[in-house]
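Each value in this text was obtained by applying a stated rule to the coordinates, not by laboratory testing. Not measured: the values here are computed from a predicted model. FYI the Cβ positions are ideal-geometry reconstructions off the backbone, even for glycines, and counts take in every protein chain you see.
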Amino acid sequence: MALVQHYPALSPPDSPVCSVCIANYNGVALLADCIESVLAQQGGMSVEILVHDDASTDGSVSWLREHYPQVELLASSENVGFCVSNNRMAERARGGYVLLLNNDAALQPDALETLLREATQSLQAGIFTLPQYDWTSGALVDRGCLLDPFYNPVPNLDPSRTDVAMVIGACLFLPRALWNELGGFPEWIDSIGEDLYLCCIARLRDVPVRAVVRSGYRHRQGASFGGNRAGDFGLHTTYRRRALSERNKTAVMAICTPPPLAWLLLGAHIALLAVEGILLSLLRLDWRIWGRIYGAALTYAIRAPFTLRQCRCEVQATRRINLRTYLHAFTWVPRKLSLLWRHGVPRVR
């Protein structure tokens, strides 16, 4: 187990309204923009900033201690992944609200004020996010996401739609008490899909998941993990990112989909995943795509049914909504087909 050293802030607020939690791994070139955007927030809100460094090798720890001594730094001696990093910060946090913020993101000046106003005016505790804008172009990326039948996030661009299926973990705001009630991020996910899982669990318990209309944040999509964006030559991703994505989406589908649709949907998903893996491997003439991504995801689905069933029983026992309500935030056009039509066959590296 990793030894975590705590470097306290010089003068932290006694009772912060919000704890901003930034998970960092080799992001020294990104952190200044991120932290400065938090320090520049309007409204005079009492805020503490926590950074969990996941055993970076780029000098992030020494750089943070030198340039931002007011930040509370949790330095891990070994790489533990995004889920554990955020769970540790949330456990350490003292704010009434928690904002999970990627190290490759930056808030607009009124972001925290807007999120807090939305949360306090809501009749029910919920999960909130802001409009996401591309770092380079400034184009709107999403206002939260809907889901397609196979749990692929579909960007919501409709400003009139605030209730969504999930919000991206790059900017995820909620009361700390709700985070504790939902159980935080499941550590078996490692990275990719933890936001999907948390939001699906919340919606099953009739907890609202909402995108705020105003303000926003800029995001260097994929800078902290690789892939996840379309470039000039189509859609680019990495073996590791795609492998974790396919595995974790399969798990969330199996755990969270209410009956009677769950096993029918999972069977169709596994069959289509096998076909997709074979076709993509043939088109790219790269059988590592099958072995490291699709074969690994299918092997996981075959070997872990008992674990998934056990987790599913626990999750479904706390469900407060029916299948129809749950599916309200889904769209029925498969996301991968629309991406294929727009960007062509993805490149994996």
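At-a-glance table
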quantity: Charge tally in the Cβ shell below 11 Å around residue 80, where Lys, Arg are +1 and Asp, Glu are -1, residue 80 excluded; calculated: -4
quantity: Protection proxy ranking, peptides 306-312, 202-208, average beta carbon neighbours within 10 Å, highest first; calculated: 202-208, 306-312
quantity: Pairwise label distance in nanometres, residue 120 with residue 240, each label 7 Å out on the Cα-Cβ vector; calculated: 4.1
quantity: Rounded FRET efficiency, nearest 0.05, which uses the C-beta distance separating residue 62 from residue 299 and R0 of 45 Å; calculated: 0.65
quantity: Inter-probe distance in nm under a simple model that places probes 7 Å from Cα toward Cβ, at residue 331 and residue 55; calculated: 4.0
quantity: Segments 115-124, 135-144 sorted - mean Cβ within 10 Å per residue, highest first; calculated: 135-144, 115-124
quantity: Local net charge near residue 55, Cβ-Cβ under 14 Å (Lys/Arg +1, Asp/Glu -1); calculated: -3
quantity: With Cα atoms, 0 to 90° folded angle of helix 111-121 axis to the chain main axis; calculated: 80
quantity: Segment residue 283-residue 40, length gained on full extension (0.36 nm per residue, minus Cα span); calculated: 82.7 nm
quantity: Residue order, fewest to most beta carbons within 10 Å, for 336, 249; calculated: 336, 249
quantity: Degrees separating the helix 194-204 axis from the principal Cα axis of the chain, which is the longest one; calculated: 80
quantity: Normalised contact order of segment 229-348, rounded percent, pairs of Cα under 8 Å and 6 or more residues apart; calculated: 45
quantity: Spread of Cα-to-Cα distances over 5 Å intervals beginning at zero, given as percent, for segment 4-219; calculated: 1, 7, 16, 21, 21, 17, 10, 4, 1, 0
quantity: Whether segment 14-81 is rounded, prolate or oblate, judged on the alpha carbon gyration tensor where a/c under 1.5 counts as rounded; calculated: prolate
quantity: Cβ crowding within 10 Å averaged over residues, with 25-35, 238-248 ranked highest first; calculated: 238-248, 25-35
quantity: Calculated FRET value between residue 177 and residue 324, using beta carbons and R₀ = 22 Å, to 0.05; calculated: 0.15
quantity: Extension gain (nm, one decimal) between residue 264 and residue 340, 0.36 nm per residue minus Cα-Cα; calculated: 24.9 nm
quantity: Degrees separating the helix 82-92 axis from the principal Cα axis of the chain, which is the longest one; calculated: 30
quantity: Value of [θ]222 nm, deg cm²/dmol, for the chain, DSSP H segments ≥ 4, -39500 (n - 2.57) each, nearest 500; calculated: -12000 deg cm²/dmol
quantity: Environment charge at residue 194 (Cβ cut-off 13 Å; Lys +1, Arg +1, Asp -1, Glu -1); calculated: -1
quantity: Whole-angstrom gap from segment 90-109 to segment 117-189, using each part's C-alpha centre; calculated: 14
